[in-house]
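*Asks:* My questions all concern the structure below.
The values are calculated or read from the model by the stated rules, or taken from the named source; none is laboratory data. Not measured: the values here are computed from a predicted model. Here the Cβ positions follow ideal geometry from the backbone for every residue, glycine too, while neighbour counts run over all protein chains shown.
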Amino acid sequence: MISYTDYRNRWGKLTKNTTTSGLETGDLLINDSLRYLTGKFYFNERSYTTVTQAQQQFYNLPPQVKNLINVTVNIGSVLWTPKFAPNREYWDALNVITFYQDFPSFFYVFDGQMGLFPIPASDDNTITMNYKIRLRDLSQADYSTGTVTVTNNSATVTGAGGATFIPDMAGRWIRVTAPSGDEQWYEIGAYVNSTTLTLLNPYTGVTTSGASYVIGEMPLLAEDYQDLALYRALWVYFNSIVPSPAQAKMYKELYDVGYEMLNAEYGQKTTNVALVDTDAPVYNPNLFVTSLTQT
């Protein structure tokens with residue numbers, strides 16, 4: 001995993017420019033690259049659920065929504081999928097007459113809300129909005145003040161020795177460092193209070209107390225390809241801001257090779273089963289022998 005602080009450190013070493021201005025340029029180019037790479041694939045897709053209210057047409061969109069992918073409404077045992085109303089004129093034409101019905105035919109996004117048509121007639125049918133989130137720039141330095149206590153197969157992290165957690169740490173990642181910790185990164189699922197965090201998944205290392213740790217702000221990009229944002233940023237940097245054809249060429253090649261691998265692994269959500277020709281003959285099963293008699 002490459003945290004915001006790791007990106008900054010690597011950028012400073014590779015550009016040999018650790019001035020405030022130089023590091024800020026790196027922040028800008030790396031965040032632009034992360035935004036491109038994350039949005040290009042599907043790492044920023046999320047789901048949000050709410051429930052219908054009888055005779056209520058519009059529902060608030062989830063926070064940080066970039067765009068809605070689709071909407072489903074669960075009515076009893078039926079998962080219903082309305083279509084997107086293509087424009088405001090079409091939506092207004094649908095709503096000339098007020099009509100209540102639990103199976104919506106269309107949805108429409110306007111002013112931070114999602115509307116259904118027909119208007120739901122009943123309460124408590126689950127609405128699921130699948131969407132892409134608007135990415136927030138990486139900007140928070142690694143945090144490692146004090147120590148933590150973690151327990152095997154528990155999701156609770158307890159801070160001590162001056163550790164002061166904040167709500168914004170939910171969504172970041174924590175690593176309990178050696179020799180006490182297992183050196184694995186765990187996503188923080190929730191902030192409980194200033195000395196307690198909850199992991200998204202239970203800690204699998206050995207129970208330990210008074211352990212050193214690091215909390216880092218990580219990109220949404222798949223772990224094995226997080227260096228691509230750095231390579232792309234360096235390619236732009238050495239191709240324009242501080243021209244150096246040789247370095248620009250090197251980082252572009254590193255980026256291109258990594259991008260090809262990223263696209264091969266994450267370019268689609270399911271594995272494509274390759275169907276290849278074989279020499280095996282095709283038989284008509286109706287011609288198979290089903291019984292034998294001896295005369």
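*Asks:* Restricting to the stretch 203-227, count the residues that are assigned to a loop (DSSP other than H, G, I, E, B) and surrounded by 15 or more Cβ atoms within 10 Å (Cβ to Cβ). If you could, list the steps in order and put the result at the bottom.
*Replies:* Of all residues in the stretch 203-227, those assigned to a loop (DSSP other than H, G, I, E, B) come to 203-207, 212, 217-222, 226.
Next, from what is left, pick out any that are surrounded by 15 or more Cβ atoms within 10 Å (Cβ to Cβ): 203, 205, 212, 217-222, 226.
Qualifying residue count for the region: 10.
*Asks:* Can you find, within the stretch 1-45, the residue that is farthest from TYR186 (Cα to Cα) among those that are surrounded by fewer than 16 Cβ atoms within 10 Å (Cβ to Cβ) and among the basic types (Lys, Arg)?
*Replies:* Going through the qualifying residues, I end up with LYS16.
*Asks:* Can you report the number of residues in the stretch 53-76 which are on the phi > 0 side of the Ramachandran plot and under 15 Å from the mean Cα position of the chain (by Cα)? I'd like the intermediate steps shown before the answer.
*Replies:* Going through the stretch 53-76, the residues on the phi > 0 side of the Ramachandran plot turn out to be 55, 64, 76.
Now narrow it down to the ones that are under 15 Å from the mean Cα position of the chain (by Cα): 64.
So the answer is 1.
*Asks:* Considering each residue of the stretch 95-109, count those that are touching a residue at least 40 places away in the same chain (Cβ under 8 Å) and either within 16 Å of LEU68 (Cβ to Cβ) or outside the structural domain of THR52 (by TED's automatic domain parsing) (or both), and give that number.
*Replies:* Of all residues in the stretch 95-109, those touching a residue at least 40 places away in the same chain (Cβ under 8 Å) come to 100, 102, 109.
Within this subset, residues satisfying the condition of being either within 16 Å of LEU68 (Cβ to Cβ) or outside the structural domain of THR52 (by TED's automatic domain parsing) (or both) are 109.
Result for the stretch 95-109: 1.
*Asks:* Any chance you could count how many residues in the stretch 1-45 are of a type in the set (Gly, Ala, Ser) and farther than 16 Å from TYR225 by Cα? Explain how you work it out, then say what you get.
*Replies:* Restricting attention to the stretch 1-45, the residues satisfying the condition of being of a type in the set (Gly, Ala, Ser) are 3, 12, 21-22, 26, 33, 39.
Filter once more, so that each one left must be farther than 16 Å from TYR225 by Cα: 12, 21-22, 26.
Qualifying residue count, the stretch 1-45: 4.
*Asks:* With respect to GLY181, is the statement that it is small (Gly, Ala, Ser) and either buried (at least 20 other Cβ atoms within 10 Å of the Cβ) or under 27 Å from the mean Cα position of the chain (by Cα) (or both) true? Steps first, please.
*Replies:* On the way: small (Gly, Ala, Ser): yes; either buried (at least 20 other Cβ atoms within 10 Å of the Cβ) or under 27 Å from the mean Cα position of the chain (by Cα) (or both): yes.
For GLY181, the condition - small (Gly, Ala, Ser) and either buried (at least 20 other Cβ atoms within 10 Å of the Cβ) or under 27 Å from the mean Cα position of the chain (by Cα) (or both) - is met.
*Asks:* Got at least one residue in the stretch 114-131 being of a type in the set (D, E, K, R) and surrounded by 14 or more Cβ atoms within 10 Å (Cβ to Cβ)?
*Replies:* So in the stretch 114-131, the residues of a type in the set (D, E, K, R) come out as 123-124.
Of the ones still in play, those that are also surrounded by 14 or more Cβ atoms within 10 Å (Cβ to Cβ) are none.
No, because not a single residue in the stretch 114-131 is of a type in the set (D, E, K, R) and surrounded by 14 or more Cβ atoms within 10 Å (Cβ to Cβ).
*Asks:* If LEU200 meets every condition in (1) over 21 Å from ASN9 (Cα atoms); (2) crowded, with 18+ Cβ neighbours inside 10 Å; (3) aliphatic (A, V, I, L, M) apart from one, which number is that one?
*Replies:* The one condition LEU200 does not meet is (2).
*Asks:* Return the residues of the stretch 1-59 that are of a type in the set (Phe, Trp, Tyr), more than 17 Å from ASP142 (Cα to Cα) and in contact (Cβ under 8 Å) with a residue 60 or more places away in the chain; say none if nothing qualifies.
*Replies:* If the condition is that a residue be of a type in the set (Phe, Trp, Tyr), more than 17 Å from ASP142 (Cα to Cα) and in contact (Cβ under 8 Å) with a residue 60 or more places away in the chain, then TYR36, PHE41, TYR42, PHE43, TYR48, TYR59 are the ones that fit.
*Asks:* OK, next. Out of all the residues in the stretch 80-94, is one or more part of a strand (DSSP E or B), buried (at least 19 other Cβ atoms within 10 Å of the Cβ) and either assigned by TED's automatic domain parsing to the domain that holds GLN53 or touching a His at 6+ places or on another chain (Cβ under 9 Å) (or both)?
*Replies:* From the stretch 80-94, those part of a strand (DSSP E or B) are 80, 83-84; that's our starting set.
Subsequent filtering for residues that are buried (at least 19 other Cβ atoms within 10 Å of the Cβ) retains none.
Looking through the stretch 80-94, none of the residues is part of a strand (DSSP E or B), buried (at least 19 other Cβ atoms within 10 Å of the Cβ) and either assigned by TED's automatic domain parsing to the domain that holds GLN53 or touching a His at 6+ places or on another chain (Cβ under 9 Å) (or both).
*Asks:* Restricting to the stretch 148-178, and then to whatever is outside any strand (DSSP E or B) and hydrophobic (A, V, I, L, M, F, W, C), can you tell me which residue is surrounded by the most Cβ atoms within 10 Å (Cβ to Cβ)?
*Replies:* Let us first name the residues in the stretch 148-178 that are outside any strand (DSSP E or B), namely 151-155, 161-172, 177-178.
Adding the requirement that they be hydrophobic (A, V, I, L, M, F, W, C) leaves 155, 163, 165-166, 169-170, 178.
Working: ALA155: 17, ALA163: 21, PHE165: 24, ILE166: 13, MET169: 18, ALA170: 16, ALA178: 10.
Restricting to residues being outside any strand (DSSP E or B) and hydrophobic (A, V, I, L, M, F, W, C), the top hit is PHE165.
*Asks:* Step by step: first the residues of the stretch 46-62, then only those that are crowded, with 18+ Cβ neighbours inside 10 Å and polar (S, T, N, Q), then the one that is farthest from TYR225 (Cα to Cα). Which residue is that?
*Replies:* Here the residue is GLN57.
*Asks:* Which of (1) more than 30 Å from LEU29 (Cβ to Cβ); (2) over 22 Å from the mean Cα position of the chain (by Cα); (3) surrounded by fewer than 20 Cβ atoms within 10 Å (Cβ to Cβ) does THR145 not meet, given it meets every other one?
*Replies:* (1)
*Asks:* Let me ask another. Has the stretch 190-198 got at least one residue that is at pLDDT 95 or above and assigned to a loop (DSSP other than H, G, I, E, B)? Full working, then the answer.
*Replies:* Filtering the stretch 190-198 for residues at pLDDT 95 or above gives 190-198.
Pick out the ones that are also assigned to a loop (DSSP other than H, G, I, E, B) and you get 194-195.
Yes, the stretch 190-198 has at least one match.
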